[in-house]
1. Between residue 136 and residue 243, 0.36 nm times their residue separation minus their Cα-Cα distance comes to what?
2. Sorted by average packing, counted as other Cβ atoms within 10 angstrom per residue and highest first, what order do 90-102, 221-233 take?
3. Taking only the alpha-carbon positions of segment 3-141 and ignoring solvent, what does the Debye formula give for the base-10 log of I(q)/I(0) at q = 0.15, 0.17, 0.22 Å⁻¹?
4. When the chain is fully extended, how far beyond the present Cα-Cα distance does residue 53 get from residue 32, taking 0.36 nm per residue of separation?
5. Of 125, 45, how do they rank once you tally other Cβ atoms within 10 Å and put the fewest first?
6. So if R0 is 45 Å, what FRET efficiency would residue 127 and residue 207 give, r being the distance between their Cβ atoms, rounded to the nearest 0.05?
7. Calculate the FRET efficiency for residue 228 and residue 22 from the Cβ-Cβ distance with a Förster distance of 30 Å, rounded to the nearest 0.05.
8. With a Förster radius of 56 Å, plug the Cβ-Cβ distance of residue 162 and residue 15 into 1/(1 + (r/R0)^6) and report the FRET value to the nearest 0.05.
Amino acid sequence: MWHRRSSRVKLISIQLLEPIIFINPDQDTAPVVRGTIHVMLDKTMILQKLNIHFRGTIKTQWKKEGKVINSEKQLVSEDLSFSSLGSTDKFPFEMPLPSGIPETVNSADIHVQYTMTVDMDYKKMNTILHEQATEQIILARLPDQYPIRMEPLQKQFLDWCKYCITIDKKTAALGSRLPVKIEITPFVSGFKLKQVFLQLLERRTIIKNNTEKTNQSCYFIYPAKNSLMLLPTRPLTQPWQASCYYQLPDNSKLSHSTMEYSNFKISHSVLVSLIVCIPDKGRQLTKTISYQVDIDLLSTQVNQLDEREYLKLPAYNCTMTGEELEKLNRHGLGITCPPSYEESIAV
């Protein structure tokens, strides 16, 4: 029987190679957790056992007949043991995870969490002691390979105006800015644009026994800092247009979108509302023009990625030395280095 060490000084720690594991929408692609286990034992201690445990759980909450029902289910359980302990104090590891597991989610009704725990047994003065370290693992979904821009919206015609509302992105990360463009051509005299509202609609669906339970939340979003949509102060007499960046909230207020999994899905829509006034028999009627479109909201962590990283090529340098190239030439195996990347794009 082992004893848990009472000292507060940690003898073991986990260093992840990627603090955030980005997963591809292609569910056949399996994510991999990589890193190093650091063990700090003195000469009086002998390492006996070192194991890694990766666990993933999903917790859901919904109402049934007025009662709140909580459920918890294990999504994944993977273990890795080090067979050769030796005298080293660093243990690199690589643990492939099952393909198709969902990303980390923290919403009002759905929680998906992953943890990595390392258990270590060591011997000191004929006593087996135990040490444990735990690290939260975050899985974040990358956008798919399809274009991330919206298809242009065709102009819509009403009796009193023609309008077009353009949201330039169909995929955006929480915490980023969403570009919105509004175009209006009045058909009647005295047409006024009074207000513009943008809202995010979140739908959280829990799938249980082939039955879907959906809850919805609605959030207003506002123009981003240093961005403002100036509305006309007078009735429109000619075509009018304006653009503005709206600030998407971070993940402290709402969840990101998810793919549709076997037991849950989270989706979002953007709702644009235009409040207009039109003349009618000597009085002003207030009308609302609404436009709704689905949007894929990605985790805040994706917003921290520089999109240009996907476009960068690896170093395009020859790895052979001059002597090695000369030796190959003497044997009739001539080879030349490819041009540098800078040279290739200068052509």
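Laboratory data are not the source of any read-out in this text; all were calculated from the coordinates shown. Since the model is a prediction, treat every value here as computed from it, not as a measurement. In this analysis, Cβ positions are derived from the backbone assuming ideal geometry, glycine residues included, and neighbour counts consider all displayed protein chains.
1. Length gained, residue 136 through residue 243: 34.5 nm.
2. In descending order of packing, they fall as 90-102, 221-233.
3. -0.81, -0.94, -1.28
4. 6.2 nm is the gain from fully extending residue 53 to residue 32.
5. In order of increasing Cβ crowding within 10 Å: 125, 45.
6. According to the calculation, E is roughly 0.35.
7. 0.30
8. Plugging the Cβ-Cβ distance into 1/(1 + (r/R0)^6) gives 0.40.
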